[in-house]
């Protein structure tokens, strides 16, 4: 693009302003969102329900309040989400072990096993891309990704 020429679109300006590595990270993020959407759809879930199930799968039992905070939705909305997940057999509500007034949202064993069968092989395939690099190269990749994650966290905190 010529120095005084304005870009034809935001996309053009964006691609010119960023390095290829940054664009690739954004492509990976977009592909991951697409994968999550398709994985959820395959088991009959919408994107919000898939995100909620992912939170309790990765973190273990969560209170509805904590789940709402993580999903950035109201507690009323999370009640509806948990109702749907419970009715389709993905989660259960269990009494909190130390606070009998509280409940925890827990993934069902069947849902956990399905996730293990379908998601871990995909994650391992992605992980295997690192096999093409030497230890010192993986360290550089790790440092870069840590810096990216830190900048993203800082943006979210601002």
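Listed values, structure above:
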{"read-out": "Flag if residue 56 is modelled with pLDDT of 95 or more and either in a helix (DSSP H, G or I) or more than 30 Å from residue 103 (Cβ to Cβ) (or both)", "value": "yes"}
{"read-out": "Condition broken by residue 85, with the remaining ones in (1) at pLDDT 95 or above; (2) within 30 Å of residue 157 (Cβ to Cβ); (3) surrounded by 12 or more Cβ atoms within 10 Å (Cβ to Cβ); (4) more than 18 Å from the chain's Cα centre (by Cα) satisfied", "value": "(4)"}
{"read-out": "Cβ-Cβ under 7 Å pairs, at least 6 apart or on other chains, segment 21-35 side more than 19 Å from residue 47 (Cβ to Cβ), far side in a helix (DSSP H, G or I) and at pLDDT 95 or above", "value": "25/148"}
{"read-out": "Residue in segment 107-123 that is touching a helix residue (DSSP H, G or I) at 6+ places or on another chain (Cβ under 9 Å), assigned to a strand (DSSP E or B) and under 20 Å from residue 46 (Cα atoms) present", "value": "yes"}
{"read-out": "First in segment 36-48 and closer than 20 Å to residue 69 by Cβ, second anywhere and assigned to a loop (DSSP other than H, G, I, E, B) and at pLDDT 90 or above, Cβ under 9 Å, 6 or more apart", "value": "48/73"}
{"read-out": "Residue list for segment 88-104, restricted to those being at pLDDT 95 or above and either touching a helix residue (DSSP H, G or I) at 6+ places or on another chain (Cβ under 7 Å) or not in a loop (DSSP other than H, G, I, E, B) (or both)", "value": "89, 90, 91, 92, 93, 103, 104"}
{"read-out": "Pairs with Cβ under 7 Å, 6+ apart, first in segment 116-142 and farther than 22 Å from residue 35 by Cβ, second at pLDDT 95 or above and surrounded by 11 or more Cβ atoms within 10 Å (Cβ to Cβ)", "value": "133/141; 138/130"}
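The values are calculated or read from the model by the stated rules, or taken from the named source; none is laboratory data. Computed from a prediction, not measured in an experiment: that's the story for all the values here. Neighbour counts are summed over all protein chains in view; Cβ atoms, including those assigned to glycine, are modelled from backbone coordinates with ideal geometry.
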